[in-house]
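Structure, as structure tokens:
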Amino acid sequence: MRYFDLHCDTLYKVLTESRDFTDPRLHITFSDPLQFEAWTQCFAIWIPDDISLQQSWQLFTRSAELFKNKLPRFGFGLNNHNSKHNALFCVEGGRIIGNDIDKISQLVTYGVKMLTLTWNGDNAIACGALTTCDTGLTSFGRQVIRELELNNIIVDVSHLSDNSFFDVAAQAHRPFIASHSNSRSVCSNKRNLTDEQFDIIKNNNGLVGLNFHGKFLRSDGSASIDDIITHCEHFLSLGGENTVAIGSDFDGADMPHDISGISTIPQIYEQFLKLNYSETLLDKLFYLNAANFYETFDNRDVLL
């Protein structure tokens, strides 16, 4: 099988906990060879809401060096569509740029491919999912959307508040992603997408990555692979065959009891097969939708 994962926090965990990528306690570990015909992994560095801007930038630059120097040793091409194993560098938290629009050009220099605009709190760009005063996208945030699109950095709306989401949708000229978000109709959590939000992403040729975090799958958190399938089936019922992808949140979330990490992905695939999903559709969900999005996004002329 082929696998494309829109979000993991492995890079952050390795950096902040002084681990190695071969540590078997990680959800994504390279201690054993992984038998994917092709694999692209988005490695996000998380920028917490409660650290200073200086600390944010230090965390970012250290993670960029780790990404650049360590991942090729495990056979990853960096932002390379032609590599069997491909690693993409992403940032989870627009707080990284503060209120300095010029920081976006520096993200480009470091090879950032996607920016999650907020984490759960508010920043200079927009309000996060757990905001107490949802004023939506700021005027600076509108500038940020334009600069990200001009610089081929994908806008990620996971973690946004509802008003911020709709403001981004009104502002965006290019497709955007919810890299790791599930269905709010299935599990009522502010971090999940409403059907209306999913439709907007779908109609804009974007992507939604299924998140494996227990409390985004079930309200009580006691989730299993079956719950991932339930969220997937709901999105498919909304016409999402070309929109649904995987955004596991490995190493940044509490996994369902029957998922140990990246080694479980083939089992999830097999469980879909047992429910008579075709291999053609599963290849879309597990790989092709995301691969096509990235290749098209990189090659599309920017006319804003």
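Readers should treat all values here as calculations from the given coordinates under stated rules, not as data from a laboratory. As the structure is a prediction and not an experimental result, all values here were calculated from the model. When we count neighbours, we look across all protein chains shown, and the Cβ atoms used for this are built from the backbone with ideal geometry, even at glycine.
Regarding the chain, what are the three Cα extents along the principal axes, ordered largest first, in Å?
49, 42, 40
Could you calculate the contour length gain from residue 195 to residue 281, that is, 0.36 nm times the residue separation minus the distance between their Cα atoms, to one decimal place in nm?
Extra length from residue 195 to residue 281 when fully extended: 28.8 nm.
Provide the FRET efficiency to the nearest 0.05 for the residue 84-residue 133 pair, computing r from the beta carbons and using R0 = 45 Å. Show your work: numbers first, answer last.
Working: r = 47 Å, r/R0 = 1.04.
Approximately 0.45, to the nearest 0.05.
So which GluC sites (Glu not before Pro) in region 37-134 end up in coil per DSSP with only 13 or fewer other C-beta atoms within 10 Å?
The qualifying sites are 37.
Counting other Cβ atoms within 10 Å, which trypsin sites (Lys or Arg not before Pro) in region 1-72 have at most 12 and lie in a DSSP loop? Could you put the intermediate results ahead of the total?
Numbers: sites: 2, 13, 19, 25, 62, 68, 70; in loops: 19, 25.
Sparse-neighbourhood loop trypsin sites (Lys or Arg not before Pro): 25.
Going by how many other beta carbons lie within 10 Å of each one, how would you line up 27, 159, fewest first?
27, 159
Percent relative contact order of region 1-143, based on C-alpha pairs within less than 8 angstrom and at least six residues apart?
Details: 238 pairs, mean separation 27.1, N = 143.
Averaging sequence separation for qualifying contacts and normalising by length gives 19 percent for region 1-143.
Picking from 230, 43, 253, whose Cα lies most toward the positive end of the charge dipole for region 2-299 (charges on Cβ: Lys, Arg +1; Asp, Glu -1)?
43
Assign unit charges at the C-beta atoms only (+1 for Lys and Arg, -1 for Asp and Glu), then state the dipole size of region 2-299 relative to its Cα centre in Debye, rounded to the nearest 20.
Dipole of region 2-299, to the nearest 20 debye: 540 debye.
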